[in-house]
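The structure under discussion appears below in the form of structure tokens.
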Amino acid sequence: MNKLAIKWTIILAAIFGAVALLWPSYEWYSKTPQEREKLEASGDRPKRILNLGLDLRGGSSLLLELDVSKLSGKESLNDSMQRAIEIVRNRIDQYGVGEIPITRQGEKWISVQLPGIANPEQAEALIGKTAMLEFRIVKDDAAAQEAVNKLNELDNPFNADGTLTEEAAKLVPAGITVMKDKQGFLVALTDTAAVTGADLEDARVTTGEYGYPAVSFQFNGEGAKKFGNLTGANLKKDLAIVLDNTVQSAPTINARITRDGQITGQFTMEEARQLAIVLRAGALPAPVNIIEKRIIGPGLGEDSIKSGVKASLVGFVFIVLFMSIYYRFSGVISSIALLLNLVFLLALMAYFSATLTLPGIAGIILSLAMAVDANVLILERMREEKDKGQPLPIIIKEGYDKAWSAIFDSNLTTWIASLLLFQFGTGPVKGFALTLTLGLFVGVFTSVFVTRAIYELLLTANPKEISI
């Protein structure tokens, strides 16, 4: 197989691959919003598709603040922020929303965008839940009962987070703490938790007693050993399952339990589902508070898409007309490469499940402009060689060779700038930098590799001249 055949094999493979990558996105956005919402809720959303950002799709934008005063001090603020971002991302991903932008802003703030969700109360509750799961033994001796009776005489012995107030804590003897259960009754427990949610490996929704939804969980190896020791040493005692300082249930330990367990209670299906998600994702290092919430209607996104598509089409038509009139047949070849540039770029973004925003569209347009610039450089060098009276094969070869250094330098400097924007930018700036970076690589491929392959294919027919 000669070099030209290899080049066209690569080009055709790239075209078929791009169509295959873009097809799921076409199918997805051909559905009605109601159909897409139903598929997202059931977890059947395609993975590798081109996602629309908040400014194109509408939805909600949340700004979260990590309560640094509640950090344990065992890890730095930077590590705590990274863990909080990862946990928020895991919770949202499991909730079925799809790929969403989650970025750190400043020292202790997290920006969360929820495209397509205009009523985000459930997602807010899911994101902000601390979900500290603990397993404690219920204390039923005389000292514990006396402490419960004393606390019952107080108007409100608890803080907002479910812990005892300073005054109430003085009435409880050492080794004991008191918490509320779901019905509001006080329960005396050991003051330390031998096993926590950090030892969990998995959690899922199942059916508990009386047909109510429940959450079954599994411990990892170390957690199974701890739980086995705890239950084995406390047979016939009650084991309190505590979530965020509230006793969810307190079953009696009838046998030693190691790996598997279940949280029961009068959960609704949605409550059980959210609890399972939170337990799988892990507990936040500290509570997060929603300090800003903005809702963007889908109508604004539709107008943005229509305006962006219209501007892109008008611009593309004018570029094609200019190139075809000024450079004639060679301009048509450049226009074909420009169209392939757009197809390849969108296909790559679909492969990486990138989120397309208005700044991202600006990055696409700029990368297309860079591709046009590369084609102009090549055609101008080819004109110079034609004016010298060179034969057609030499005109094509010298045109590409002499234009390459300028194309490489201009793309390299722009790529360095886009890399810095991606590294230090946030949100929309990163979207712009990502599309620009991908567009630069695709632009060099189409303007240099694809167009040259077209010229070389034409040369096999031995033409005397090609209009430039």
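The values are calculated or read from the model by the stated rules, or taken from the named source; none is laboratory data. The model shown is predicted, which means the values in this text are computed figures rather than measured ones. Ideal geometry is used to build each Cβ from the backbone, glycine not excepted, and the neighbour counts take in all protein chains shown.
Consider Asp44 carefully, then state whether it is of a type in the set (Asp, Glu) and surrounded by 12 or more Cβ atoms within 10 Å (Cβ to Cβ). No.
Restricting attention to the range 426-468, the residues being in the same structural domain as Ile365 (by TED's automatic domain parsing), touching a helix residue (DSSP H, G or I) at 6+ places or on another chain (Cβ under 6 Å) and of a type in the set (Gly, Ala, Ser) number 6. Screening the range 378-468 for helices (runs of 4 or more DSSP H) wholly inside it with 2 or more residues that are hydroxyl-bearing (Ser, Thr, Tyr), closer than 14 Å to Leu366 by Cβ and within 24 Å of the chain's Cα centre (by Cα) returns the ranges 428-444. Confirm whether Ser60 is exposed (fewer than 12 other Cβ atoms within 10 Å of the Cβ) and of a type in the set (S, T, N, Q). When the stated conditions are applied, Ser60 does not pass them. Would you be able to say whether some residue in the range 396-412 is crowded, with 21+ Cβ neighbours inside 10 Å and without any contact (Cβ under 8 Å) to a residue 24 or more places away in the chain? Yes, that holds for at least one residue.
For the criterion of being over 21 Å from Ala142 (Cβ atoms) and touching a residue at least 40 places away in the same chain (Cβ under 8 Å), Gly261 passes. When Asp244 is tested against the conditions (1) modelled with pLDDT under 75; (2) within 25 Å of Ile85 (Cβ to Cβ); (3) not assigned by TED's automatic domain parsing to the domain that holds Gly211, the lone failure is (3). Out of curiosity, is Ile364 aliphatic (A, V, I, L, M) and modelled with pLDDT of 90 or more? Considered against the rule, which asks whether it is aliphatic (A, V, I, L, M) and modelled with pLDDT of 90 or more, Ile364 comes out as no. Taking the range 159-193 as the range and being hydrophobic (A, V, I, L, M, F, W, C), surrounded by 12 or more Cβ atoms within 10 Å (Cβ to Cβ) and within 22 Å of Pro285 (Cα to Cα) as the test, the residues that pass are Leu164, Met179, Ala193. Do we have any residue at all in the range 331-341 that's crowded, with 21+ Cβ neighbours inside 10 Å and more than 23 Å from Val19 (Cα to Cα)? Yes, because at least one residue in the range 331-341 is crowded, with 21+ Cβ neighbours inside 10 Å and more than 23 Å from Val19 (Cα to Cα). Just a yes or no: is a residue in the range 67-87 surrounded by 15 or more Cβ atoms within 10 Å (Cβ to Cβ), modelled with pLDDT of 80 or more and touching a helix residue (DSSP H, G or I) at 6+ places or on another chain (Cβ under 6 Å)? No; the residues of the range 67-87 include none that is surrounded by 15 or more Cβ atoms within 10 Å (Cβ to Cβ), modelled with pLDDT of 80 or more and touching a helix residue (DSSP H, G or I) at 6+ places or on another chain (Cβ under 6 Å). Is it the case that Glu37 is closer than 30 Å to Ala337 by Cβ, under 22 Å from the mean Cα position of the chain (by Cα), assigned to a helix (DSSP H, G or I) and of a type in the set (D, E, K, R)? Spelling it out, it is not the case that Glu37 is closer than 30 Å to Ala337 by Cβ, under 22 Å from the mean Cα position of the chain (by Cα), assigned to a helix (DSSP H, G or I) and of a type in the set (D, E, K, R). Just so you know, in the range 194-215 the residues that are more than 10 Å from Met269 (Cα to Cα) and more than 29 Å from the chain's Cα centre (by Cα) include one that is modelled with the lowest pLDDT, and it is Glu209. Applying the set (1) more than 23 Å from Ile277 (Cα to Cα); (2) in contact with a helix residue (DSSP H, G or I) (Cβ under 8 Å, 6 or more places away or on another chain) to Phe227 leaves exactly one unmet item: (1). Selection of first residues in the range 13-34 that are in contact (Cβ under 8 Å) with a residue 24 or more places away in the chain and of second residues that are of a type in the set (Val, Ile, Thr), restricted to Cβ pairs under 7 Å at least 6 apart or on distinct chains, gives the following pairs, ordered by first then second residue: Ala18/Val343; Pro24/Ile49; Ser25/Ile49.
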